[in-house]
Amino acid sequence: MAKASASFTIMDYTDGVTLLGSIDSNLVKTVLYDTTTQTYSPSWASTALTLTPTLHKAGSGTDLIGVVISPKWFRKISGGSWVQVTSGSNGETIASSTKILTVNQDKMVGDIWQIEYKFTCIYHDPVLNLDLDYEMVISFSKVANGTSFVVARAFAPGGNQFKNEQPASLTITAELIRGTAKDSTLVGYAWEKSTNGSTWTAVTGSTANLSVTPAMVSSFAMFRCKITDNDPASETYQDVFVTEGVTILDITDPYQIDIRSTGGNFFKNDTGTSTLTARVYRDGVEIDTGGTELTYTWTMADQDGVNVASAGAITFPKTGKTLTVTHDMINVKGTFFCEIS
């Protein structure tokens, strides 16, 4: 069984301090606008959007949001600039203790099709006596059409994080939306799971709600649902609609992976070589520095997020604590995933 997995991205590790932050939303991130009825689903004016920021040290279940310095919320519409949110104005309220942002006004109106909210703060690490800047962003988009428009979507209404094996389960809900109304007539559901964002395997679940337990998540996992329209009277009879992937984290799993690159994350002019090294931490302490205690399995996804069988002289999956990447392996973009077991 895999103990943890990770992908190579840009992160800032200051003397071993790893901060993990996220913004939880109580509503889906795709808002549907029916041009015929001029209604939104969901409507933030009817059901307020609540955005909950969380911040943890890797390997710790303690939420640090209550002790951060200079917390601020910002808003940006597509093509615009970041504007700081003022609590009590523009339908937005910020809770002083939890820093939760509540929005009770539809923001994506008229020609506004995307909006982002950003939370920034400073965490003072008492051990290192350092101030660490951190920011996290969540994006929402709007799609519009008439009543024939059909889309599948999924969201985690109760949050997306386990802490110290709690809660006992998290629920992910899948919906088939026709126009702006939920269609539940003769609808079939099939759930899938991924630990690398590109390879999906079936998990048990045939209803609109999937119950995810801590045992199903080793640090990180994504879940999506394939929804089949089984209504013979429907114009989309037997069509399959796939939701976006919903990420679930277990921030207190004992293993965390940090992928380091000797050559950064850019190749230029068809030259360059980089060695990726998977560094594993448990309870904040690096382990298996020699790469002999754990099994490291690397996979690669191309610019479209599709798993590749080989690149350059390397055949995937590839095992080992390190992976040498050459410029001829990359066509525009490559993402490398490492899973330990």
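Bear in mind these aren't lab numbers, they're just calculated from the coordinates by the rules spelled out. Quick caveat: nothing in here was measured; it's all calculated off a predicted structure. Glycine also receives a Cβ, built like all others from the backbone with ideal geometry; neighbour counts cover every protein chain displayed.
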What is the distance, in nm, between label points placed 7 Å from the Cα along the Cα-to-Cβ direction at N230 and at N331?
4.0 nm
Find, to one decimal place in angstroms, the Kirkwood hydrodynamic radius of region 147-253, where the mean of 1/r is taken over every pair of different Cα atoms and then inverted.
14.3 Å
Two-decimal Rg/Rh of the chain from alpha-carbon positions, Kirkwood Rh?
0.98
Return the single residue from D304, D183, D288 with maximal mean-square fluctuation; model: Gaussian network over the chain, springs between Cα atoms under 10 Å.
D304
Radius of gyration and Dmax over the Cα atoms of region 212-275, both given in Å
20.6, 58
Percent of Cα-Cα pairs more than 22 Å apart in region 79-155, please.
43 percent
In the chain, what percentage of the DSSP-assigned beta bridges are antiparallel, given to the nearest 5?
95 percent
Quick one: net charge around T243, please, counting Lys, Arg +1 and Asp, Glu -1 for every other residue with C-beta under 15 Å from its C-beta.
+1
Based on the Cα coordinates of region 256-340, what is the per residue volume of their convex hull in Å³?
92 Å³
Stretch gain in nm, segment V109-T207, where the contour uses 0.36 nm per residue and the Cα spacing is subtracted:
32.0 nm
Pairwise centroid distance, computed over Cα atoms, of region 91-118 with region 215-259, Å:
26 Å
With r as the distance between the Cβ atoms of T292 and V127 and R0 = 22 Å, compute the FRET efficiency 1/(1 + (r/R0)^6) and round to 0.05.
0.15
